[in-house]
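Below is a structure I'd like to ask you about.
The values are calculated or read from the model by the stated rules, or taken from the named source; none is laboratory data. Worth saying up front: this structure is predicted, and the values here are computed from it rather than measured. Here the Cβ is made from the backbone with ideal geometry for all residues, glycine too, and neighbour counts use every protein chain on show.
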Amino acid sequence: MSETLPPGRIEAFAAIVGARNALTGAADIAPFSVEPRGLYCRPASLVLRPGSVAEVSAILKLASQTRTPIIPQGGNTGLVGGQVPATGGEIILSLSRLNAVRALDPVSNTMVAEAGVVLQAARDAADAADRLFPLALGSQGSCQIGGNLSSNAGGTQVLAYGNARELCLGLEVVLPTGEVLDDLRRLAKDNTGYDLKNLFVGAEGTLGIITAAVLKMFPKPKGKAVAWVGLKTPADALALFNRARAIAGGALTGFELMQRRALEFALAYMPELRDPLPDTWPWYVLIDISSGRSQEDARELAEIILAGGIEDGFAGNAAIAASLAQERAFWRLREDISEAQRPAGGSIKHDISVPVEAIPEFIERAAPVVESIVPGARVVCFGHMGDGNLHYNVSQPVGADKQAYLAKWGEMNHAIHGLVIEMHGSISAEHGIGQLKREELAQTAPPVALELMRRIKAAFDPAGIMNPGKVI
Ligand SMILES: Cc1cc2nc3c(=O)[nH]c(=O)nc-3n(C[C@H](O)[C@H](O)[C@H](O)COP(=O)(O)OP(=O)(O)OC[C@H]3O[C@@H](n4cnc5c(N)ncnc54)[C@H](O)[C@@H]3O)c2cc1C
């Protein structure tokens with residue numbers, strides 16, 4: 001692909017959205033071309049900001065006719081480079097102006113939100129109707145519903161409510177030809193042929209552009225308890241998880257695991273926050289319980305889980321948040337670990353999942369793998385234990401050269417992902433494939449699955465205009 005578009009092409013696309021919504025200046029395009037970690041930063045040739053589904057449709061029709069590559073972009077918070085150029089010169093189509101909540105129905109517990117609605121705004125809209133939209137991510141102030149669905153986002157409430165995929169009942173999608181698939185159905189039950197919407201969810205913009213979605217809402221919990229528990233080993237955390245799930249059932253809304261080093265990084269990064277426990281433990285879990293009955297019920301459930309865990313020896317010490325502010329502080333210690341790693345220099349990331357019961361074994365086997373590749377590298381392991389999903393990040397050794405360390409990214413990923421595959425896990429639990437893991441998907445996915453993905457891509461996007469260079 002050339003880095004510049006042929007003469008007249010920019011003007012033709014700009015005419016669809018109007019000059020104000022067609023960004024061509026290098027400084028205007030720059031923020032759309034670089035992703036949060038700065039790993040990819042090739043400039044797009046044009047950023048289009050359509051204001052209607054009809055404009056999206058006209059853009060894709062022209063793109064198909066002229067074989068012009070299009071990259072859909074939401075809040076630009078994706079962590080695998082899916083929303084930014086792969087070669088430079090592509091057109092970025094930003095969904096930010098399609099940001100209306102079209103309908104909200106507290107009886108069917110559904111909301112019809114356009115792709116550009118910021119996740120926090122969708123949560124606020126549900127809240128205003130005394131409902132819960134449970135998708136919760138560290139990036140929720142910026143990421144958008146279209147991006148959430150296209151990346152099948154996970155986050156901290158998956159244990160109880162599922163990934164973005166489980167929260168979506170219907171979609172409106174513009175196909176690469178410009179045709180509009182209106183599947184905005186609000187049905188809990190619908191067995192009429194292939195489930196087309198689920199091909200677009202998690203497709204990372206490679207099959208079409210999501211313009212709106214029917215989202216599921218839930219009754220708002222009446223009570224909440226958040227506990228911070230110190231433990232000796234990941235095996236103890238697993239035992240506590242089984243206990244918590246048996247006692248709380250669907251009321252267990254979060255079960256997050258953290259290594260002591262992760263907490264130390266978070267405390268150093270946010271000096272205004274305190275270590276929740278007076279003593280030190282090698283591992284911690286944050287337990288989040290939501291009761292549909294009352295505050296007392298939530299607290300009682302937490303107390304029963306913790307008392308049993310301490311009595312049986314797999315929980316060391318524990319604190320239950322005594323106020324909303326303390327709940328927030330506990331959650332911030334968990335949510336900001338990634339950011340807190342920045343001052344420690346380069347960090348090589350792994351967003352993996354293994355069957356929940358295999359988490360202790362994975363942690364035990366992964367540490368010597370890391371040490372063999374970069375002696376002294378510091379594992380910062382944390383994640384959504386209840387979903388079997390770990391962010392197995394590895395910070396550079398103290399005093400090491402950042403660039404030299406980051407040059408080990410591929411080798412480290414390859415070795416850790418090899419272990420994950422051996423343990424029947426996933427090399428991308430929630431962030432997707434994008435550009436970052438494209439090669440590894442090709443190397444690790446079953447050949448029949450890869451071939452099916454290629455055929456689906458060819459059937460939906462024969463001109464190959466949708467987000468080329470991503471996923472497959
Ligand atoms: C601080 C931080 C915390 C995070 N925490 C989590 C977490 O806990 N769990 C998690 O899963 N992720 C997390 N993420 C990653 C990211 O926020 C999610 O992947 C999010 O869902 C991306 O949404 P977005 O609107 O920013 O999409 P973008 O980054 O803009 O795009 C993501 C992908 O979707 C495609 N896309 C975007 N909009 C559309 C559309 N309308 N139609 C078709 N394709 C589209 C893009 O082409 C790209 O491939 C985090 C990121 C940050 C920076």
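For segment 42-68, which residues satisfy the criterion of being among the hydroxyl-bearing types (Ser, Thr, Tyr) and more than 15 Å from residue 95 (Cβ to Cβ)?
At the first step, the residues of segment 42-68 found to be among the hydroxyl-bearing types (Ser, Thr, Tyr) are 45, 52, 57, 64, 66, 68.
If the condition is that a residue be among the hydroxyl-bearing types (Ser, Thr, Tyr) and more than 15 Å from residue 95 (Cβ to Cβ), then 45, 64, 66, 68 are the ones that fit.
List the residue pairs whose Cβ atoms are under 6 Å apart, where the first residue sits in segment 67-93 and is touching a residue at least 40 places away in the same chain (Cβ under 8 Å) and closer than 17 Å to residue 116 by Cβ, the second is of a type in the set (Val, Ile, Thr) and near the ligand (Cβ under 8 Å from one of its atoms), and the two are 6 or more positions apart or on different chains.
72/209; 92/71
Select from segment 436-454 the residues that are surrounded by fewer than 21 Cβ atoms within 10 Å (Cβ to Cβ) and within 12 Å of the ligand (Cβ to nearest atom) and list them in ascending order.
Filtering segment 436-454 down to residues surrounded by fewer than 21 Cβ atoms within 10 Å (Cβ to Cβ) leaves 438-454.
Correct list: 438 only.
Moving on to the next point. Can you name every residue in segment 141-157 that is modelled with pLDDT of 95 or more and more than 8 Å from the ligand (Cβ to nearest atom)?
If the condition is that a residue be modelled with pLDDT of 95 or more and more than 8 Å from the ligand (Cβ to nearest atom), then 141 is the only one that fits.
Moving on. Scan segment 281-294 and report the pairs whose first residue is under 18 Å from residue 322 (Cβ atoms) and whose second residue is surrounded by 21 or more Cβ atoms within 10 Å (Cβ to Cβ) and acidic (Asp, Glu), with Cβ atoms within less than 6 Å and a gap of 6+ or a chain change.
Between residues of segment 281-294 that are under 18 Å from residue 322 (Cβ atoms) and residues that are surrounded by 21 or more Cβ atoms within 10 Å (Cβ to Cβ) and acidic (Asp, Glu), the close pairs are 286/256.
With the requirement that a residue be crowded, with 23+ Cβ neighbours inside 10 Å, part of a strand (DSSP E or B) and free of Cβ contacts under 8 Å to residues at least 40 places away in the same chain, what does segment 95-120 give you?
Passing the criteria: none in range.
Taking segment 47-59 on its own, how many of its residues are part of a helix (DSSP H, G or I) and surrounded by fewer than 24 Cβ atoms within 10 Å (Cβ to Cβ)?
We begin by selecting, within segment 47-59, every residue part of a helix (DSSP H, G or I); these are 53-59.
Among the residues that remain, those that are also surrounded by fewer than 24 Cβ atoms within 10 Å (Cβ to Cβ) are: 53-55, 57-59.
Of the residues in segment 47-59, 6 are part of a helix (DSSP H, G or I) and surrounded by fewer than 24 Cβ atoms within 10 Å (Cβ to Cβ).
Check whether at least one residue in segment 69-86 is closer than 13 Å to residue 465 by Cβ, in a loop (DSSP other than H, G, I, E, B), at pLDDT 95 or above and more than 15 Å from the ligand (Cβ to nearest atom), and report yes or no.
Checking segment 69-86: not a single residue is closer than 13 Å to residue 465 by Cβ, in a loop (DSSP other than H, G, I, E, B), at pLDDT 95 or above and more than 15 Å from the ligand (Cβ to nearest atom).
Might you let me know whether segment 198-212 holds any residue that is among the small types (Gly, Ala, Ser), under 24 Å from residue 460 (Cα atoms) and surrounded by fewer than 23 Cβ atoms within 10 Å (Cβ to Cβ)?
Within segment 198-212, the subset among the small types (Gly, Ala, Ser) is 202-203, 205, 208, 212.
Filter again for under 24 Å from residue 460 (Cα atoms), leaving 202-203, 205, 208, 212.
Those left that are additionally surrounded by fewer than 23 Cβ atoms within 10 Å (Cβ to Cβ): 202.
Looking for residues that are among the small types (Gly, Ala, Ser), under 24 Å from residue 460 (Cα atoms) and surrounded by fewer than 23 Cβ atoms within 10 Å (Cβ to Cβ), one finds at least one in segment 198-212, hence yes.
Something else about it: So is residue 183 within 16 Å of the ligand (Cβ to nearest atom) and charged (D, E, K, R) or not?
Values: within 16 Å of the ligand (Cβ to nearest atom): yes; charged (D, E, K, R): yes.
The answer is yes for residue 183.
Within the bounds of segment 224-246, is there any residue that is at pLDDT 95 or above, more than 18 Å from residue 310 (Cα to Cα) and surrounded by fewer than 24 Cβ atoms within 10 Å (Cβ to Cβ)?
Residues of segment 224-246 that are at pLDDT 95 or above, as a first pass: 224-246.
Subsequent filtering for residues that are more than 18 Å from residue 310 (Cα to Cα) retains 224.
Okay, now just the ones that are also surrounded by fewer than 24 Cβ atoms within 10 Å (Cβ to Cβ), so 224.
Yes, segment 224-246 contains at least one residue that is at pLDDT 95 or above, more than 18 Å from residue 310 (Cα to Cα) and surrounded by fewer than 24 Cβ atoms within 10 Å (Cβ to Cβ).
If residue 92 satisfies all but one of (1) touching a Pro at 6+ places or on another chain (Cβ under 7 Å); (2) part of a strand (DSSP E or B), what's the number of the condition it fails?
(1)
Taking segment 455-472, which residues are β-branched (Val, Ile, Thr) and more than 13 Å from the ligand (Cβ to nearest atom)?
The initial filter retains those residues of segment 455-472 that are β-branched (Val, Ile, Thr), namely 456, 465, 471-472.
Of everything in segment 455-472, just one residue is β-branched (Val, Ile, Thr) and more than 13 Å from the ligand (Cβ to nearest atom), namely 456.
Please determine, by comparing only the residues of segment 158-167 that are near the ligand (Cβ under 9 Å from one of its atoms) and part of a helix (DSSP H, G or I), which one is farthest from residue 352 (Cα to Cα). Step through it out loud before you land on a result.
Applying the first criterion (near the ligand (Cβ under 9 Å from one of its atoms)) to segment 158-167 yields 158, 163-164.
Subset that is part of a helix (DSSP H, G or I): 158, 164.
Numbers: 158: 15, 164: 17 Å.
Only one residue tops the list, namely 164.
Looking at (1) in a strand (DSSP E or B); (2) touching a residue at least 60 places away in the same chain (Cβ under 8 Å), find the lone condition where residue 154 falls short.
Failing condition for residue 154: (1).
Step by step: first the residues of segment 121-131, then only those that are outside any helix (DSSP H, G or I) and either modelled with pLDDT under 95 or surrounded by fewer than 20 Cβ atoms within 10 Å (Cβ to Cβ) (or both), then the one that is nearest to the ligand (Cβ to nearest atom). Which residue is that?
Step one: filter segment 121-131 for residues outside any helix (DSSP H, G or I), giving 129-131.
Next cut, either modelled with pLDDT under 95 or surrounded by fewer than 20 Cβ atoms within 10 Å (Cβ to Cβ) (or both) only: 129-130.
Working: 129: 23, 130: 25 Å.
Filtering first and then ranking leaves 129.
Quick test of your reading of the structure: residue 403 fulfils all but one of (1) surrounded by 20 or more Cβ atoms within 10 Å (Cβ to Cβ); (2) part of a helix (DSSP H, G or I); (3) of a type outside the set (A, V, I, L, M). Name the failing condition by number.
Here residue 403 clears every test but (1).
Considering only residues of segment 390-435 that are within 13 Å of residue 373 (Cβ to Cβ) and without any contact (Cβ under 8 Å) to a residue 12 or more places away in the chain, which is farthest from the ligand (Cβ to nearest atom)?
Ranking the candidates gives 404 first.
Say we look at segment 93-117 and pick out the residues that are away from the ligand (no atom under 16 Å from the Cβ) and among the hydroxyl-bearing types (Ser, Thr, Tyr); which of these is farthest from residue 55 (Cα to Cα)?
It comes out as 108.
Does residue 172 satisfy being among the acidic types (Asp, Glu), more than 7 Å from the ligand (Cβ to nearest atom) and not in a helix (DSSP H, G or I)?
yes
In the set 353, 290, which member is touching a Leu at 6+ places or on another chain (Cβ under 9 Å) and closer than 16 Å to residue 245 by Cα? Before you say what the answer is, go through the steps one by one.
Numbers: 353 fails: closer than 16 Å to residue 245 by Cα.
Unique residue meeting the criteria: 290.
Let me ask something else about it. Only one residue in 195, 190, 236 is part of a helix (DSSP H, G or I), away from the ligand (no atom under 16 Å from the Cβ) and among the acidic types (Asp, Glu). Which one?
Answer to the check: 236.
Quick one: residue 38 ticks every box in (1) surrounded by 14 or more Cβ atoms within 10 Å (Cβ to Cβ); (2) within 13 Å of the ligand (Cβ to nearest atom); (3) free of Cβ contacts under 8 Å to residues at least 24 places away in the same chain; (4) not basic (Lys, Arg) bar one, so which box is it?
(1)
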